1. Please work out the FRET efficiency for the pair A:F69 and B:L238, using the Cβ-Cβ distance as r and a Förster radius of 51 Å; give the result to the nearest 0.05.
2. Show me the trypsin sites (Lys or Arg not before Pro) within region B:1-106 that DSSP assigns to loop and that have at most 14 other Cβ atoms within 10 Å of their Cβ.
3. Tell me which of B:C234, B:H24, B:G57 sits at the most positive position along the dipole axis of chain B, charges placed on C-beta atoms (Lys, Arg +1; Asp, Glu -1).
4. Over region A:148-219, consider all pairs of different Cα atoms and compute the Kirkwood hydrodynamic radius from their mean reciprocal separation; express it in Å, one decimal.
5. Starting from the Cα-Cα distance between A:L113 and A:L146, subtract it from 0.36 nm times their residue separation and give me the gain in nm to one decimal.
6. Taking only C-alpha pairs under 8 Å that are 6+ residues apart, what is the relative contact order of chain A in percent?
7. Counting each DSSP H run of 4 or more residues in chain A as -39500 (n - 2.57), what helix-only mean residue ellipticity at 222 nm follows after dividing by all residues, to the nearest 500 deg cm²/dmol?
8. Please give the peptides B:194-200, A:178-184, B:143-149 ranked by average Cβ packing (other Cβ atoms within 10 Å per residue), highest first, as a rough proxy for protection.
Amino acid sequence: MARIALHYLPGNSLLHRWDGRCKFFGLLMITATLIQTNISLFIFDSLLLVALFILSRFPIKELLRELKFWATFLFILFLFQVLFTPGTRFISSHWLPVTKEGLLLGGLTCWRLGLILGYAVLFTAVTRPRELRDALIWILKPIPFLPERRIGLMVSLTLRFFSRTLDQVEEVSLANKARLGDRKKNPIRKAKFLVLPILRRSILEAEEVTFALAARGYRDDLSIHFSKIPMGHLMPLFLLGGVLLTIWWIQYR
Amino acid sequence: MIQIQNLHHRYPDGTYALRGIDLHVSKGEFLLICGPNGSGKTTLLRMMSGLLKPSDGSILINGFDSIKDSLKVRQIVGMVFQDPDSQIVGETVKEDVAFGPENLGLSLKEINERVDLAIEKMGLQGLSEKPCYLLSGGEKRRLAIAGVMAMKPDVILFDEPFSHLDYPGIQEALKYMTRLHQEGHTLIVTTHDVEKVIAHIDRMAIIQKGEIQAFGHPEHLVKELPRFGVRPPCYVLLGGEKISWLE
């Protein structure tokens, strides 16, 4: 295993043991705060993320090494926002095509995306795909006419495929590099020799999984028994909800 | 030719893949690195080809450091991946074989000559315009070798070259490997299945839990294989002469 981002990492931390349904609701609450532009909530989310990473005993140093691509992507996004957002230029350096509004917008966008990525990495690291599937089925079950088992399976497979595709990108990139593919700088040529093989492999793998599911007698009409969520698992959710509401109330009262 | 000193590697999750590997491979040698699954064979090969950076230690290929002179090392060392589908990037056989020579910045004439020669040597003449995804397992393996050969490397690394191949496929792969060895290439093969290649190698190294447990002439080591989780060849189990899979 060379890559750790967006993979489940087995462990016995409190986060690993936390009920999957509670984890999912916790993630939904955090996601709700990330679609706003409230700085206090962003600061809270960031501190919470760091604390949760420590709590989950996640190898943060190794993760940071893997995030070069995302860091580059966020930096390019930041530059675009800074350079192309209309607004007031700085008086001291008027020659710079940078506006105060652009700087603020770029910073907030990158902060938000960084937090989304961070929570996605943390959630997938401490949640088994099966737990996620069961959580989805549990949530969707009360809604009539929805094939909750099929939706749950599709979401967990999508998550797995996303991670597998990233692994394939790494593997094909290495094979490309072994034949000096990194020497040519033409982006179209690079994309052709990287994207097409990965796309083809992904389609073939999806087909294989379909056959494998059918061969192993997959049925989505079987019932699943869900245990009751223990009160101890619900407490952190109430606490999180309470803190988020308090911050929001202080900000907007 | 290849000098590996005190090589260590640790995965991001903290698992040690390699611990203190020391190895010397001479020019023109055919070396087998065998060991059970997860023993560190693939990681070691990827480091030799300059694709992975070790946590500690060094690898010198013809005097070039695998990290500092990674580009030069990748010109000297070609690697055939375990899964040919990872390696095949072209739409057709010819386009895929040309991928490496194009990256070397050669002239079109030189590229075409190398591609034709590699295709001919690997017995893919009739398939040069065939889409790669329609090839059989054996043909894909031959194409992967052709893609590497077209770059004319001195050293060729084979990662589990016999996996997913049927009997004729194994014979084909082995035939081309022995031919490459006869032509003077240095070959390093990793496998847990020593049976198929034992009759053709010069030396072997047994790797387990990221450490070289034994290194030397195959005749001296084959009886030791079960101790390290590797099945010995049939001729050792049943008694008798060494048999080549090409016979």
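1. 0.45
2. B:K27, B:K68
3. B:G57
4. Taking every pair of different Cα atoms in region A:148-219, averaging 1/r and inverting gives 13.9 Å.
5. That works out to 8.8 nm of additional length.
6. Relative CO of chain A lands at 26 percent.
7. After summing the helix terms and dividing by residue count, I get -24000 deg cm²/dmol.
8. B:143-149, B:194-200, A:178-184
None of the figures in this text is laboratory data; all of them are computed from the coordinates on show. None of the values given here were measured: they were computed from a predicted structure. When we count neighbours, we look across all protein chains shown, and the Cβ atoms used for this are built from the backbone with ideal geometry, even at glycine.
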